[in-house]
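All remarks here apply to the structure that follows.
Here, each number is a calculation from the coordinates, and none is a lab measurement. Computed from a prediction, not measured in an experiment: that's the story for all the values here. Note that we place each Cβ from the backbone using ideal geometry, even for glycine, and neighbour counts take in every protein chain shown.
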Amino acid sequence: MEILRTLPGDDVRQILWRFADRYDLQMLVQSARSVARGPVARLVAEGARNSHAWTDQKASLLKAFDESGITGLFMDPEQGGFIEGPKNLALALVAFELSWVDGGAATSSLAGNLALAPIHERGTPEQRDTYMRRAMPPQPDEDRQIWRGAFALTEPLPYVGVETGLLSGRVRIAEWVEGKEPLLQVEKRGRFITNMGFANFVTAAVDSGDERIKGSCMVILEETDPGMFDRGAATRKLVHQLSSTGDPVFSLRVRASRIIGGYTVKDGVLVPRYSHGEIIEAVFRRTRVTVGLMTSAKLLSAVEPVIRYQRGRFRGGETITPGSPRYELGLQQKEDVLQRLIDVWATGEAGASLGFAAARLFDELDPLERAKDEIFARQGIGGGSAQMKALRRLQKDALEFLALSAKPAGERDAALEADPLVRFLLLDSLANVLCPACKLWNTGYGATVMREAVSLMGGYGITEDCPGFLGHKWMDAQLEATYEGPEAVQRRQLSLTMVNELFLEQFRMWIGEMREIAWRRPGTGACTLATAMEVWRWTLAHLQRATDADGAKLYHGTRQGVTFPLADALCWLLASRQQILDVLELEAKGPDNPVVAEGLAGLISFLTDLCHVQSARAAGEVGRICAELVHGYNRHPTWDGEGCGTSCGLGELDPLASFVPGVAGPAGGALEGSGHVRPHPPKAGPCVRFDGLEEFVRLRLRLDGCLTGARLAKDRAAAQLTTVMIPEALDYPQ
Amino acid sequence: MTTGYQIVVCGGIVPDPLQTLDPVANPAGPTIKNEMMLPAVLDPWAAHALYEAAHLAKATPGSKVWLVSLGPKAKLQQVMMTVAQKVPFELVALDGQAGGFTDTYEVAALLAGAIQAIPGLDRSRLLVFGGWESASRGAGATLQMVGERLHVLDQFQGVDRLAIAADGSFQILERIEGGRHQVSTCAGPPAVLGWATGSLPEPPNNSQVGMANMRTVMPALHRAKPAKVGAEGVTFARVSLPSQRRDTRIVKDLPVGEIAREIVAWITGA
Ligand SMILES: Cc1cc2nc3c(=O)[nH]c(=O)nc-3n(C[C@H](O)[C@H](O)[C@H](O)COP(=O)(O)OP(=O)(O)OC[C@H]3O[C@@H](n4cnc5c(N)ncnc54)[C@H](O)[C@@H]3O)c2cc1C
């Protein structure tokens, strides 16, 4: 049997995550890694995380980011950057590398981009030019200071948090001389604002406090603007301590040209081009993917230190001699520790696959989105609802395109295929699902699994001395699940976007794709996954039609008990699917690279087993969630109710008697505690009937059967952990 | 007439030192277990030479640096993702086996051939740099043979410093026994310098340098000719890693004098 020889190296990751032909990104990864495993790791090892304050020691990281190209990464070449085109994948890779060591370091670098993002996505050309250039680290021949930014949306209680519409920040007209640019007075208080310890400018969300300003907007505030720019006290956070967080207060006078995206004047009223909601939507849908990947990096980073700990656990003991199983394998003699590490590893792989796929999707979507805006501008279709309407009209074309896409090339509609608006719509419908799914699942479930990794290190896991800083990473993962929109926000978004017909049609096609893969490569667990996807699709359709026992609609915005779990279930499927697709990519492209080709067979068989483990886990989750939702809203029949006749018979219960004494006891006995005499044969209870039950039961049964082999895959994968070669030491301090 | 130097740095790749290096025998001779799959780095000695070369080139207008490297192309490419961000250079790549079990004689012949093939190379301004030994095989022989093949007879090994006088002559510090240096004077290029550690730190990664280098690095890798090196006809009697000796005792509050006495006793074998 081919075995897993070493941990997957860069060459493998480049193929899996599809940047084998992007040397700009490969260099970037090395650069970010040298900062992460160098200065960042040293700071953590020195205990720099033990203070809330923003210290010189922590500030030294910003310089390291500047020098290594991490800061300038966000900029386009004409602004001094070095990467052409969309940078979602690039930013994702940097965040992944930094949080491999420390999430706070990643946050520190990302928050600067977050501050610029409103300007980048929706700013006027002048705003973009000014602030992007200022935020670019100076070249050796330039005499200027770099500008750093913060993004201020969240406000002190009871205002903005999950509910981003609850703005208390206000913008008013301070002075408006006829024919001149108005002067604005901005009042904004922030809560938990990252980079606040040193930011030179802030992009702040505010609402109109003046009838001469329409709606909300985002404004750029600078530290030297007249008025108060109070950075506030440092947040006493327990996580990400290498980043700076604080609760600032701003009361500043700025020119109206600081409104992000500009404004028009209509009947004496200043109308911002973009509301704060429109801007943050454009911003977060990109940056959230990156956050999701931060947690996946932590999981994958745990593999090597845990293996090393397990193997060396008993070495040095008086009676433990080299060559003995206890010496060589240590804790790895025990099945459970191996299998749990497989769970950690598989979750990390699935999350990374999902996150990088989402990042690549946005790289593809960015130019299409610009093309769409240009086309609409030419057609005189403005932003907001006018665009939405226009896009809705195109939905039919996009569906038609999908229907045709399964046909041979000659029979497809070339015009539809080339239509950027159709392509935009299709990708957009996926992005609207993949982004929240990645943020939700990678961080939320990732945090849970990170706890497992910590457990595998025993007491060491929750000390500062734990190699790989796993205890810190566990806590950090919780912040990643919270900031940039906690899990509830992602679930809420998914509950809207996952029912888009365009997404659902693509999802339906993916089921076919998984079935086809299952036929070629049954070991991937694609079969299990395809069935789980069918169960999910069936359940969604059912819940959209069905009502609860009281006749109330089930799939509804207010019914988070229905929509949220279903959103969770979908995430499992998406992550698992992408994990399988990535392994197939490696299988196809790996042989072309001599470095990867060596040992590829063993690696593929191991990664395939991880896919199977993960898809089985996903299927289990989906089955559990769907069953609960499908059955759980029907009222349990009572003996004298309608369900009575359809309940299970005594014969079905009899076999249980040997396990549960008395369950098949004498008929006509008293119902325990009821005081009534039983009018029925004794059984567990009356059973349920509802429309579609048979179909659901058939799918569920099939799902169970599809789990065949999953545990064998886990056994095989776990065994590989005992022989895989790992480095002599971790490549960053502890 | 140009006053710049044409500095050709010879540098191979070696497995990352943190990896488990386990020599194993296979039919074609010894190798390191899973060597192809282990991450590699630019040979540390050669890396010092490269940084010194870049430093000299920067200080001497009109200079240019080449890095001539023999190794499996795909591995070289990975190593370049880091090295190319350090200092400006042009890569000349040879696609062949790297490591401690190839014949130095063959390696030197290939490197010398590659240097001779660099278009427009001006021998009168030529400086051949490299490591005085490599991390995969500390024989210290390759660079000497490269020099001989190029008929560059002014050779210095274990170099820690190269200073250039006003008249263009070189003052070179070479390591000798007893932690001391030998000072030599050389009229000027051409010369071969096998570097020890020099005195420069590893430059931080610079993405702009990286992007500029990549314009020539990637084509050079595509162009890289297969180079046959090995150890045909050589029989290895035994291969082993230098044995590691580590005796750890944990003793608290031992007076400094006592520690010193113990160390002396250990060294003198008393
Ligand atoms: C270290 C750190 C750094 C941060 N950096 C920034 C920054 O740079 N800029 C910035 O603007 N903000 C920042 N934040 C703020 C962060 O984005 C918010 O904390 C987050 O959006 C949640 O808001 P909240 O804390 O007010 O939670 P709340 O709104 O009070 O929500 C609490 C919980 O209630 C539930 N809930 C709330 N609303 C709903 C709903 N509609 N449906 C279902 N459940 C719901 C959810 O379980 C939710 O997690 C940062 C936070 C931290 C801790």
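Scan chain A and hand back the longest stretch that contains none of the GluC sites (Glu not before Pro) lying in DSSP loops with at most 14 other Cβ atoms within 10 Å.
So the longest stretch without any such site is A:465-671.
What do you get for trypsin sites (Lys or Arg not before Pro) in the range A:283-315 restricted to DSSP loop and a cutoff of at most 15 other Cβ within 10 Å of the site's Cβ?
A:Arg315
Rank B:His222, B:Val14, B:Ala93 by how far each Cα sits towards the positive end of the charge dipole of the range B:6-227 (+1 on Lys, Arg Cβ; -1 on Asp, Glu Cβ) and give me just the farthest.
Result: B:His222.
Under 5 Å between amide hydrogens, which residues at least 5 positions from B:Arg161 or on another chain qualify, with H placed 1.01 Å from N in the peptide plane?
B:Leu173
With Cβ to Cβ distances under 14 Å as the rule, what net charge do the other residues near A:Leu404 carry (K, R +1; D, E -1)?
Once positives and negatives cancel, what remains is -3.
In which sequence would A:Ser31, A:Ser251 go, from the one with the fewest C-beta neighbours within 10 Å to the one with the most? Kindly include the intermediate steps, with their values, before the conclusion.
Details: A:Ser31 26, A:Ser251 16.
The order, fewest Cβ neighbours first, is A:Ser251, A:Ser31.
I want the antiparallel fraction of DSSP beta bridges within the range A:149-214, as a percent rounded to 5.
Counting only bridges with both partners in the range A:149-214, antiparallel ones make up about 45 percent.
Show me the three semi-axes of the equivalent ellipsoid for the range B:6-227, from the C-alpha gyration tensor (sqrt of 5 times each eigenvalue), largest first, rounded to whole Å.
Equivalent ellipsoid semi-axes, largest first: 26, 20, 17 Å.
Please work out the Cα center distance from the range A:551-581 to the range A:297-335, rounded to the nearest Å.
Comparing the Cα centres of the range A:551-581 and the range A:297-335, I get a distance of 39 Å.
Hey, what's the per residue convex hull volume over the C-alpha atoms of the range A:231-382, in cubic angstrom? All intermediate terms of the calculation are to be shown ahead of the outcome.
On the way: hull volume 27.7 nm³, N = 152.
So the per-residue hull volume is 182 Å³.
Which order do A:Tyr732, A:Tyr131 fall in if you start with the one that has the fewest other Cβ atoms within 10 Å?
Fewest-to-most Cβ neighbours within 10 Å comes out as A:Tyr732, A:Tyr131.
Between the DSSP loop rule and a limit of at most 10 other Cβ atoms within 10 Å, which trypsin sites (Lys or Arg not before Pro) in the range A:50-114 are left?
Passing both the DSSP loop test and the Cβ count: no residue.
Pairs A:Lys237/A:Lys473; A:Lys63/A:Lys188; A:Lys87/A:Lys389; B:Lys73/B:Lys228: which exceed 22 Å Cα-Cα?
Too far apart for the 22 Å limit: A:Lys63/A:Lys188; A:Lys87/A:Lys389.
Straight-line reach from A:Lys180: which lysines fall under 23 Å, measuring Cα to Cα and dropping same-chain residues less than 8 apart?
A:Lys214, A:Lys266
Using only atoms on other chains, find how many Cβ atoms lie within 10 Å of each Cβ of peptide A:721-729 and report the average.
Partner-chain Cβ atoms within 10 Å, mean over residues of A:721-729: 3.
Considering just Cα atoms, how many Å³ per residue does the convex hull of the range A:152-230 enclose?
Details: hull volume 7.4 nm³, N = 79.
Considering the Cα atoms of the range A:152-230, their hull volume per residue is 94 Å³.
Would you mind checking the tilt of helix A:487-497 against the longest principal axis of the Cα atoms of chain A, expressed as 0 to 90 degrees and rounded to 10?
80
Any idea what the dipole of the range A:287-391 comes to, in debye rounded to 20, about its Cα centre with Lys/Arg Cβ at +1 and Asp/Glu Cβ at -1? Provide the component values of the computation, followed by the final result.
Details: 14 positive and 13 negative charges, 44 e Å.
Using Cβ point charges on Lys, Arg, Asp and Glu, the range A:287-391 gives about 200 debye.
Provide Rg over Rh for the range A:399-456; use the alpha carbon set for both Rg and the Kirkwood Rh (inverse mean inverse pair distance).
Reported Rg/Rh, Kirkwood definition of Rh: 1.34.
Given H placed 1.01 Å from N in the peptide plane, which residues other than close sequence neighbours of A:Asn200 have an amide H under 5 Å from its amide H?
It is A:Arg148, A:Gly149, by chain and number.
Could you give the angle, 0 to 90 degrees to the nearest 10, between helix A:276-312's Cα long axis and the longest principal axis of the Cα atoms of chain A?
60
Once both axes come from the Cα atoms, what is the angle between helix B:73-83 and the longest principal axis of chain B, in degrees from 0 to 90, rounded to 10?
Tilt of helix B:73-83: around 80 degrees.
Name the longest site-free stretch of chain B, where the excluded sites are trypsin sites (Lys or Arg not before Pro) in a DSSP loop with no more than 14 other beta-carbon atoms within 10 Å.
B:1-227
Taking beta carbons within 10 Å but only from partner chains, what does the mean come to for residues B:209-221?
Average per residue, whole number: 2.
Of the trypsin sites (Lys or Arg not before Pro) in the range A:204-267, which ones lie in a loop per DSSP and count no more than 12 other C-beta atoms within 10 Å?
Within the range A:204-267, the qualifying trypsin sites (Lys or Arg not before Pro) (loop, at most 12 other Cβ atoms within 10 Å) are A:Arg236.
Give the Rg/Rh ratio for chain A, taking Rg as the radius of gyration of the Cα atoms and Rh as the Kirkwood radius, to two decimals.
Radius of gyration relative to Kirkwood radius: 1.01.
Where does chain A land at 222 nm, in deg cm²/dmol rounded to the nearest 500, when only DSSP H runs of n ≥ 4 count, each adding -39500 (n - 2.57), divided by all residues? Each step should come with its number before you reach the end.
Details: 24 runs with 382 residues, N = 734.
Taken over chain A, the calculation gives -17000 deg cm²/dmol.
If you count, for every residue in A:20-27, the Cβ atoms of partner chains within 10 Å of its Cβ, what is the mean?
5
Under a plain spin-label model, where a point goes 7 Å from the Cα along Cα-to-Cβ, how far apart in nm are B:Asp167 and A:Ala488?
Rounded to a tenth, the inter-label distance reads 8.4 nm.
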